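The values are calculated or read from the model by the stated rules, or taken from the named source; none is laboratory data. All of these numbers come straight from a predicted model, not from anything done at the bench. Cβ coordinates were reconstructed from backbone atoms using ideal geometry, including for glycine residues, and neighbour counts include every protein chain displayed. Protein only, heavy atoms only, side chains kept; ligands, DNA and RNA dropped before computing areas. Shrake-Rupley method; radii C 1.70, N 1.55, O 1.52, S 1.80 Å.
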Amino acid sequence: MISMIIRRLFQLVLLLIGISFLVFASMHLAPGDPASIIAGPTASSSDIDAIKESLGLNKPFLVQYWDYLKNVLQGDLGYSYQTKQSVSEAIAIRFPNTLNLAIASIIVAIVIGLVAGIISALKQNSWLDVFSTVFSLGGISIPNFWLGSILILVFAVNLQIFPVGGLDAPFWTIEGMQQLILPAITLGTGSAAMIARMSRSSMLEVIQADYVRTARAKGVKESSIIGVHALKNAMIPVITVIGVNFGALLGGTIITEQVFAINGVGRLMIDAIASRDFPMVQGSVLLVASLFVLVNLIVDIIYVFIDPRISYDN
């Protein structure tokens, strides 16, 4: 187990270096000059050249990347071109909102997805199964911006049950729950649909296994068969889907944060891209990529506790 964790962490470092290069290159290849944006429309060419020199943008591309990489390896993500604020500080201020939104969304997805998937498997070919299938198809197909706008219109504007937007409290507080319920449903619906489909297929496979039939033949209660034997073994692929979706939610909050005016990392990234703020974009992407890989590492560790037959010692 320890060797696997060390190996994965080493792979994480290599992966992040590769991601940093791709993001660095794509930002420099994208149209638009950050020095021109900073200088303004009335700036002269000499003013733009002076800004490029002060920011190091006049150096060769590989030299710029090497300087950036050295700073990142020392824990320095640089400073924003626009606000001169430390990238690390800017992300640290906004990341709690993104984390709160992602956690609330995955909770919604797990509760809805697991319940729908398990009931659908136990009531195969019933109207509940059909409803679950339709829900899964709709959840994957409906765009976040459309669903979020409809929820705001119905529950915030017309019924005035929940606030229109904003987030300034943790998700476990009453105020935080009220602010997060609509964006969490918006962001978590797609993940709930995928969890429901995986839960259904995994449960169908498990409840038809020989050991489940043997347990029924011995007179074991159906609730014990489902809750103790079947569900635990069916959770392995479901946990994979939950882990992947949680990692994706951490980096996929951009649209939802825009719709609900949540001051998170996704919104920060959009503003940074629009202003060609290279350090801010690169720092935000590195954070999201790191979290995604770490979440998948945690999922692999959880496997061992759920199923002792799984081992990473070889």
Do we have T240 as surrounded by fewer than 22 Cβ atoms within 10 Å (Cβ to Cβ) and at pLDDT 80 or above here? yes
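Report, by residue number, each residue of segment 178-212 that is of a type in the set (V, I, T) and either open to solvent by 20 Å² or more (accessible area, probe 1.4 Å) or touching a residue at least 24 places away in the same chain (Cβ under 8 Å) (or both).
Looking only at segment 178-212, we keep the residues that are of a type in the set (V, I, T), and these are 181, 185-186, 189, 195, 206-207, 212.
Those that are of a type in the set (V, I, T) and either open to solvent by 20 Å² or more (accessible area, probe 1.4 Å) or touching a residue at least 24 places away in the same chain (Cβ under 8 Å) (or both): I181, I185, T186, T189, I195, V206, I207.
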Residue within segment 47-67 that is modelled with pLDDT under 80 and within 30 Å of G165 (Cβ to Cβ) present: no
Checking L137 against (1) surrounded by 20 or more Cβ atoms within 10 Å (Cβ to Cβ); (2) touching a residue at least 40 places away in the same chain (Cβ under 8 Å), which test does it fail? (1)
Six or more apart or on different chains, Cβ atoms under 9 Å: show the pairs whose first residue is in segment 213-238 and of a type in the set (S, T, Y) and whose second is surrounded by 13 or more Cβ atoms within 10 Å (Cβ to Cβ) and assigned to a helix (DSSP H, G or I). S224/A215
Is there any pair linking a residue in segment 272-299 that is on the phi > 0 side of the Ramachandran plot to one that is open to solvent by less than 10 Å² (accessible area, probe 1.4 Å) and assigned to a helix (DSSP H, G or I), with Cβ under 6 Å and at least six apart or on different chains, and which? R276/P34
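Do we have S149 as hydroxyl-bearing (S, T, Y), over 13 Å from A102 (Cα atoms) and either assigned to a helix (DSSP H, G or I) or in contact with a strand residue (DSSP E or B) (Cβ under 6 Å, 6 or more places away or on another chain) (or both) here? Quick ask: steps written out before the conclusion?
On the way: hydroxyl-bearing (S, T, Y): yes; over 13 Å from A102 (Cα atoms): yes; either assigned to a helix (DSSP H, G or I) or in contact with a strand residue (DSSP E or B) (Cβ under 6 Å, 6 or more places away or on another chain) (or both): yes.
So S149 passes the test.
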Taking first residues from segment 116-134 that are surrounded by fewer than 23 Cβ atoms within 10 Å (Cβ to Cβ) and second residues anywhere that are part of a loop (DSSP other than H, G, I, E, B), the pairs with Cβ under 6 Å that are 6 or more apart or on different chains are D129/K123
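Could you say which residue among I107, I112, I103, I161 is open to solvent by 50 Å² or more (accessible area, probe 1.4 Å) and out of contact with any helix residue (DSSP H, G or I) (no Cβ under 7 Å at 6 or more places or on another chain)?
Values: I112 fails: out of contact with any helix residue (DSSP H, G or I) (no Cβ under 7 Å at 6 or more places or on another chain); I103 fails: open to solvent by 50 Å² or more (accessible area, probe 1.4 Å); I161 fails: out of contact with any helix residue (DSSP H, G or I) (no Cβ under 7 Å at 6 or more places or on another chain).
It is I107.
Only one of A215, A169 is small (G, A, S) and buried (at least 17 other Cβ atoms within 10 Å of the Cβ). Can you tell me which?
Numbers: A169 fails: buried (at least 17 other Cβ atoms within 10 Å of the Cβ).
That would be A215, the only listed residue that is small (G, A, S) and buried (at least 17 other Cβ atoms within 10 Å of the Cβ).
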